[in-house]
Amino acid sequence: MYRYDQYDHQMLADRIAQFRDQTQRFLAGQLSDAEFLPLRLQNGLYVQRLAPMLRVAIPYGMLSSTQMRKLAFIADHFDKGYGHLTTRQNIQFNWPALADVPEILAHLAEVEMHAIQTSGNCIRNTTTDQFAGVAVDEVEDARAYCEIIRQWSTFHPEFAFLPRKFKIAVCGTQQDQAATQVHDIGLYLLKNENNEIGFRVLVGGGLGRTPVIGSEIKAFLPQEHLLSYLDAILRVYNREGRRDNKYKARIKILVKETGTSAFRDKVEKEWQLLKDGPLTLTNAELERCRAFFHDPDYKALPTQSSALENALSTDVLFASWYEQNTSAHKKPGYTIVTICVKKTGFAPGDLDSDQMRFIADLAERYSFGEMRITHTQNLVLADVEKNELYNLWQALKTRDLEADNLGLLSDMICCPGGDFCSLANAKSIPVAEAIQRRFSAQHLREIGQLSLNISGCMNACGHHHVGNIGILGVDKKGEEYFQISLGGSADHNAALGKIVGPSFSQDEVPDVIDKIVNVYQQHKTPGEKFINTYNRLGMEPFKEALYGNKSDDHTTD
Amino acid sequence: MTTRLIKSGTLVSDNWVLLGAATDRDAVATMHDRDVIVPLSFWLSEQDLISSRPSRTAVWLNSNETPEAIAGSLDKLALVALNFPEFKDGRPYSSARELRQRFGYTGEIRAIGDVLRDQLFFMRRCGFDAFALRDDQDIEIALTAFNDFTDAYQPAIDQPLPLFRRR
Ligand code: HEM
Ligand code: SF4
C-alpha cells in the first residue's frame, strides 16, 4: 500500500490547519454560506437532510487494518456508530457535527487518510478495480497510476473550480469492475506491440440526468504522458465546459456539443504545449510508486488445499458462500474473498463500527492487513490462503458478514435515498429490502448473475442506468414511484438501460422484479446470464409481462 | 481613488483606474492623465485612442474571454487584469497560466472582481501576482493566505517542477 512521506504528511497537516481556520471564520460569521460552501465540499462535507455528511476518500479502494480501525473510531466518537460504503470507493458518515470536522480530519491524517476533494466541482477520488494486483487477467496494476493521479489532482491550483465535479477511473484488468466507461475520464491500461505500457483514454462518460458512455479520444497514450494529457483535457474542460446551467456542466455535455473529434483536437492542441514538459513521468517516479504495490510475502502453496476440500464437502452453506464470494487469485493456494455487505435487513453498504474493527482484525489475520472496497459497496480481502477460508467464513458468520449473494440480484447497489438525502424523490433502502425479502436464497442462485441498481432520484448515485435492472425513484404528484429500466451494464461492454414503461408504486416493485426474472427464467438457454438473454430477446417480452396490453393506456414518464 | 491591492506579499496603494464593461471613448478621454484598465472590447476597437494617450493603458479580460485575444499586444501591456465574476468561476486560473506558460507574459497579472482570501493561494500558483481584493475582505487575514501550504504536488508558475522531480 502507498505510505506517506514527510511531504504527504505536511500536505495534510496544512490542509487541516486551513480548513480549521475556514470553519472558525464561518462559525464566527466572517465567511458567508455561499463562500464556505465550496470550501467545505472540497473537504468532503455536505449538509444533508438530517445533519452534515462527511465523505472520506478511500483512494482507489485500498484500506489498511489500522485505517479501518480509525474509521470505526470515528463512527463511534463522531457519528452514530456506522458508515456507508459508496459507489466511488469512499465511505460516508451521516451524522458528524460541523464543528467536529477539522478534528475528524486530524484523526484521519494520523492514518494517512483524508476527505480532500471527495465532493465539490473538482477532481474527485480516483477509483479502480478492486482486484488490482491480484486478478488473474491483469494487464498492469492500476494502483501506482491511481496514486500518481491522486497526487497530481490533490490541490491542483488550476482545477479547483471546475464547471462541475470530475471523476476519473483507471482499469488494469480484463474484466472491468470499476464502471470505467461512465466516468468523466476512463483510462484502460494496455500494452502495445512493443510491450510498452499506455492507456486507452475515454472522456465524457457519466451518469446523472444525462447518462453517457465515454468516447475514446486516444487509442494509446504512452504512460509517461499520463499527467500532461490529463492536464490538457482538464484545461479544455475548465475553459469551455458550460457554466450557465448546472445540469449541462459535466464534461459529457461539452464533448457531445463539441463532437468527439473536435474535442480531441482541442486536447491535442493544448497537450502540445504541455507534452514532454515537467509533468512527464520519470522512471524513478513510476518505480517509486510501483514499489508500494509489490506483492506481499506470499507463501509457496500448492494450488489445492485439502482443508478447503474437506470443508466444501461437509458444509453446504460454506460451499455456497465459497462458490459465490470467492474469485481466482494469481498466486496458487490463494483466493480473493469478497465480503458482501448486502445482508437482507441491513442497509446496502452500511457497516457498523464493530464490523469495521472485526474486519480489520480478519484482514490482519488472513490478508496481510489490507482490504479494498468496491464500487458495488462491498469489501474485499484480496489475499486469503485457501487453507484459511473455512476459518474466515466461520468468523464472518459471527458478525452478519457471511451473505453469500455476491453478484446476485440481492447484491444491489443502492444510494442512501430519501432516508438521508435531501435531493431524493423516493426512499431507496426500503425498496432494496422489500426486493431482497422477496427472493429465497435458492431462487437467487437459480437466477444467477444479475445486477440490480437503485437510485432515489435522477442524480443516479446508485448507478441505476448501468444495472441489468435499474430502479429509479420518481415523484408522481407527490408520491414515490419507481421507474424500471433493463439492459444496463457497467463492465467492458458498458450499456445504458432502457426504460420499460410507466412507473410503479413502492408496493408493486417486488412483484415487478419477480415478473422480470420469470421472463428471463422462461427464456434463458442453459447457462445464459440475464443480460445476455435480455440482449437476445429485447424489451418486448418483459414489457408484455409487466403491462400486458395495458401499457398503451399509460403515458410513459 | 486607490485600490487596496496585495502585491509581493504586502499591501500596496495603487493608482490604476479600472473601467467597467460599458466604458466609452468619452470616459477614457476624461481620464487622459490616469493609468486605466479597459475592457477587452475597448482595447480591441480603440487602439488609435489608446496609442495617443499620454498615460498607460492596460486591459482586463472577463472569465469567458481568453488570452489569445491579446496575444499580439502583450509586450505593450504592463498589466493584464483577469476578472472573477464570482469566485467559483475557475476560468481565470487557466487564463493566468496560459498567459505565463503559452505566451510567456512577464508583466503583472492582477485578480479583480470576486477576489477572496481563500482562493489567493491557488491564484498565485497559477501566475497571478497582484490581488485587488473584494472590498469587504480583511487585509490582515488575506495576507496569511499565501502560507496556506508549504509545498505542492503539481508544477505551476510559482514552482515549475512537480514534487516527484524534487522529492
Ligand atoms: C446523500 C448525499 C448525496 C448527495 C447530496 C449526492 C448528490 C449527487 C448529485 C447532485 C449527483 C449528480 C451530479 C451530476 O450529475 O453532475 C450525484 C451523482 C452521483 N453520486 Fe451522489 N450524492 C449523495 C450520495 C452519494 C452516495 C452515497 C453515493 C454512492 C453510493 C454517491 C455516488 C454518486 C455517483 C456514482 C454519481 C453519478 C456520477 C456521475 O454522474 O457520473 N452519491 N450525487
Ligand atoms: S441518487 Fe438522488 S436520492 Fe440517491 S443519494 Fe443521489 S442524490 Fe440522493
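The values are calculated or read from the model by the stated rules, or taken from the named source; none is laboratory data. These figures come from a predicted structure and were not determined experimentally. Cβ sites come from the backbone with ideal geometry, for glycine too, and all protein chains shown count toward neighbours. In case anyone asks, the SASA skips ligands and DNA or RNA and just uses the protein heavy atoms, side chains included. Shrake-Rupley method; radii C 1.70, N 1.55, O 1.52, S 1.80 Å.
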Notebook entry, point to check: Restricting the search to segment A:483-531, which residues are under 26 Å from A:THR128 (Cβ atoms) and free of Cβ contacts under 8 Å to residues at least 40 places away in the same chain?
Noted result: A:GLY488, A:ASN493, A:GLY497
Next item on the list: Given the conditions (1) touching a residue at least 60 places away in the same chain (Cβ under 8 Å); (2) under 30 Å from A:GLU193 (Cα atoms); (3) open to solvent by less than 10 Å² (accessible area, probe 1.4 Å), report the number of the one that A:TYR237 does not fulfil.
Entry: (2)
Check: Which residues, counting only those in segment A:176-197, are on the phi < 0 side of the Ramachandran plot and part of a loop (DSSP other than H, G, I, E, B)?
Finding: A:ASP176, A:GLN177, A:ALA178, A:HIS183, A:ASP184, A:ASN192, A:GLU193, A:ASN194, A:GLU196
Margin query: Can you pull out every residue in segment B:63-118 that is more than 11 Å from the chain's Cα centre (by Cα), more than 9 Å from chain A (Cβ to nearest Cβ) and aliphatic (A, V, I, L, M)?
Written below: B:ALA69, B:ILE70, B:ALA71, B:LEU74, B:LEU77
Check: Which condition does A:ASP411 not pass, out of (1) under 27 Å from A:GLN67 (Cβ atoms); (2) away from ligand 1 (no atom under 16 Å from the Cβ); (3) not hydrophobic (A, V, I, L, M, F, W, C), if it passes all the others?
Finding: (2)
Note to self: Can you tell me how many residues within segment A:249-263 are touching a strand residue (DSSP E or B) at 6+ places or on another chain (Cβ under 7 Å) and not in a helix (DSSP H, G or I)?
What the structure shows: 1
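Against the definition (more than 16 Å from ligand 2 (Cβ to nearest atom), open to solvent by less than 10 Å² (accessible area, probe 1.4 Å), within 22 Å of the chain's Cα centre (by Cα) and more than 14 Å from chain B (Cβ to nearest Cβ)), how does A:ILE359 come out, yes or no?
So A:ILE359 fits the description; yes.
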Checklist line | Selected residue (criterion: farthest from A:ALA495 (Cα to Cα)) from residues of segment A:148-175 that are part of a loop (DSSP other than H, G, I, E, B) and touching a strand residue (DSSP E or B) at 6+ places or on another chain (Cβ under 8 Å) | finding: A:HIS156
Margin query: Condition check: closer than 22 Å to A:SER215 by Cβ, away from ligand 1 (no atom under 16 Å from the Cβ) and either away from chain B (no Cβ under 14 Å) or of a type in the set (Asp, Glu) (or both). Does A:GLY487 satisfy that?
Written below: yes
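Could you please give the count of residues in segment A:149-162 that are more than 8 Å from every other protein chain (Cβ to nearest Cβ) and open to solvent by 10 Å² or more (accessible area, probe 1.4 Å)?
Within segment A:149-162, residues that are more than 8 Å from every other protein chain (Cβ to nearest Cβ) and open to solvent by 10 Å² or more (accessible area, probe 1.4 Å) number 1.
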Item checked: Verdict on B:ILE139 being among the hydrophobic types (A, V, I, L, M, F, W, C), surrounded by fewer than 16 Cβ atoms within 10 Å (Cβ to Cβ) and more than 8 Å from chain A (Cβ to nearest Cβ) -> yes
Notebook entry, point to check: Which condition does A:ARG288 not pass, out of (1) open to solvent by 40 Å² or more (accessible area, probe 1.4 Å); (2) under 24 Å from the mean Cα position of the chain (by Cα), if it passes all the others?
Noted result: (2)
Next item on the list: From (1) open to solvent by less than 10 Å² (accessible area, probe 1.4 Å); (2) more than 14 Å from every other protein chain (Cβ to nearest Cβ); (3) touching a residue at least 60 places away in the same chain (Cβ under 8 Å), pick out the condition that doesn't hold for A:LEU202.
Entry: (3)
Next item on the list: Being within 16 Å of ligand 2 (Cβ to nearest atom) and within 12 Å of chain B (Cβ to nearest Cβ) narrows it down to one of A:LYS246, A:LYS269, so name that one.
Entry: A:LYS246
Check: Has segment A:335-343 got any residue that is open to solvent by 20 Å² or more (accessible area, probe 1.4 Å), modelled with pLDDT under 95 and not hydroxyl-bearing (Ser, Thr, Tyr)?
Finding: yes
Notebook entry, point to check: Has segment A:111-126 got at least one residue that is more than 20 Å from the chain's Cα centre (by Cα) and away from chain B (no Cβ under 14 Å)?
Noted result: yes
Notebook entry, point to check: Identify, please: which residue in segment A:420-431 is within 12 Å of ligand 1 (Cβ to nearest atom) and either open to solvent by 30 Å² or more (accessible area, probe 1.4 Å) or not hydroxyl-bearing (Ser, Thr, Tyr) (or both) and is, among those, nearest to A:PHE346 (Cα to Cα)?
Noted result: A:ILE429
Notebook entry, point to check: Which helices (runs of 4 or more DSSP H) sit wholly inside segment A:473-556 and have at least 2 residues that are over 26 Å from A:HIS183 (Cβ atoms) and out of contact with any helix residue (DSSP H, G or I) (no Cβ under 7 Å at 6 or more places or on another chain)?
Noted result: A:509-523, A:540-547
Next item on the list: For A:ALA144, state whether it is more than 14 Å from A:PHE78 (Cβ to Cβ) and not in a loop (DSSP other than H, G, I, E, B).
Entry: yes
Item checked: Restricting segment A:181-196 to residues that are more than 16 Å from ligand 2 (Cβ to nearest atom) and within 16 Å of A:ASP129 (Cβ to Cβ), the residue that is farthest from the chain's Cα centre (by Cα) -> A:LEU190
Next item on the list: Being of a type in the set (Ser, Thr, Tyr), open to solvent by 30 Å² or more (accessible area, probe 1.4 Å), modelled with pLDDT of 95 or more and assigned by TED's automatic domain parsing to the domain that holds A:PHE439 narrows it down to one of A:THR525, A:THR533, so name that one.
Entry: A:THR525
Next item on the list: Please enumerate the residues belonging to segment A:121-130 that are open to solvent by less than 10 Å² (accessible area, probe 1.4 Å) and away from ligand 1 (no atom under 11 Å from the Cβ).
Entry: A:CYS122, A:ILE123, A:THR126, A:THR128, A:ASP129
Next item on the list: Could you list all residues from segment B:32-55 that are farther than 30 Å from A:ARG242 by Cβ, surrounded by 15 or more Cβ atoms within 10 Å (Cβ to Cβ) and free of Cβ contacts under 8 Å to residues at least 24 places away in the same chain?
Entry: B:ARG34, B:ASP35, B:VAL36, B:GLU46, B:ILE50
Checklist line | Residue satisfying all of: in segment A:396-421; out of contact with any Lys or Arg (no Cβ under 8 Å at 6 or more places or on another chain), within 16 Å of ligand 2 (Cβ to nearest atom) and assigned to a loop (DSSP other than H, G, I, E, B); modelled with the lowest pLDDT among these | finding: A:PRO416
Next item on the list: Within segment A:35-55, count every residue that is open to solvent by 60 Å² or more (accessible area, probe 1.4 Å) and at the interface with chain B (Cβ under 9 Å from one of its Cβ atoms).
Entry: 1
